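The values are calculated or read from the model by the stated rules, or taken from the named source; none is laboratory data. Here the structure is a predicted model, which is why all the values come from computation and not from measurement. Cβ: placed from backbone, ideal geometry, glycine included. Neighbour counts: every protein chain shown. The area values use the complete protein model at the heavy-atom level, side chains included, leaving out ligands, DNA and RNA. Shrake-Rupley method; radii C 1.70, N 1.55, O 1.52, S 1.80 Å.
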Amino acid sequence: MTTVPPDAPSAPSPAVAPAAPPSVAPAAPPAVRLGWERREPPLTAAAVLATDEAVPALAAATRDRIADGARLGVLADDTALLVLGAEDDLPWADGARYLGHDGGLLVPTTARPVPAAVLWRTALGAEGGQLCVLTPGHALVAAPPAPATDPEALTPYIRRAAR
């Protein structure tokens with residue numbers, strides 16, 4: 001999983017940016033800050049994301065859902081756990097955030113990125129077929145995970161709480 005600062009300015013694509021005349025230095029690309037506004041009605045949940053202290057609880061809930069037969073995809077690293085699946089199969093954990101699809105991104109179900117989500121997928125460098133997640137303070141681009149089949153694979157993330 002690769003994380004990318006969500007409000008980092010991105011340079012325009014060389015194929016899109018006009019060439020500067022040789023005698024004029026190119027201007028710096030404009031910085032675009034990521035903003036959020038409330039979304040009503042909320043998106044349908046397609047994933048749930050936990051970061052930092054919320055990871056162990058989501059890992060435990062995900063383990064239980066997989067053990068009960070839910071088909072969930074799981075991506076994890078040292079600071080985040082992302083669980084993908086059908087809305088009815090997604091686990092719940094205190095402090096986790098539900099995400100839904102908007103413009104090729106997974107974003108919070110109750111928030112809309114400004115500028116539009118479709119623009120952020122390109123700005124984050126996501127390629128076709130890659131999963132792209134954008135939340136306040138976090139962004140990631142990764143290959144979509146296969147459904148998890150071993151509930152015990154989540155045990156290291158549950159034990160993190162004991163450290």
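Among the residues of segment 96-139, those that are at pLDDT below 95, in a loop (DSSP other than H, G, I, E, B), open to solvent by less than 70 Å² (accessible area, probe 1.4 Å) and over 16 Å from residue 75 (Cα atoms) comprise 103, 104, 115, 116, 124, 125, 126, 136, 137. Every condition in (1) at pLDDT 95 or above; (2) surrounded by fewer than 21 Cβ atoms within 10 Å (Cβ to Cβ) holds for residue 52 except the one numbered (1).
Return yes when residue 31 is surrounded by fewer than 19 Cβ atoms within 10 Å (Cβ to Cβ) and at pLDDT below 95 and no when it is not. It is true that residue 31 is surrounded by fewer than 19 Cβ atoms within 10 Å (Cβ to Cβ) and at pLDDT below 95.
Among the residues of segment 52-95, write down those that are of a type in the set (Ser, Thr, Tyr) and part of a helix (DSSP H, G or I). If you could, list the steps in order and put the result at the bottom.
At the first step, the residues of segment 52-95 found to be of a type in the set (Ser, Thr, Tyr) are 62, 79.
Scanning segment 52-95 gives a single hit, 62.
Being modelled with pLDDT under 95, open to solvent by 20 Å² or more (accessible area, probe 1.4 Å) and of a type in the set (Ser, Thr, Tyr): is that true of residue 79 here? Spelling it out, residue 79 is indeed modelled with pLDDT under 95, open to solvent by 20 Å² or more (accessible area, probe 1.4 Å) and of a type in the set (Ser, Thr, Tyr). In segment 126-146 there is at least one residue matching the filter, namely being small (Gly, Ala, Ser), under 25 Å from residue 69 (Cα atoms) and out of contact with any strand residue (DSSP E or B) (no Cβ under 6 Å at 6 or more places or on another chain). Checked against the criterion of being among the small types (Gly, Ala, Ser), modelled with pLDDT of 90 or more and under 19 Å from residue 43 (Cα atoms), segment 143-153 contains not a single residue that satisfies it.
Scan segment 140-150 for residues that are buried (at least 16 other Cβ atoms within 10 Å of the Cβ), touching a Leu at 6+ places or on another chain (Cβ under 6 Å) and not β-branched (Val, Ile, Thr) and jot them down.
Matches in segment 140-150: 142, 145, 148.
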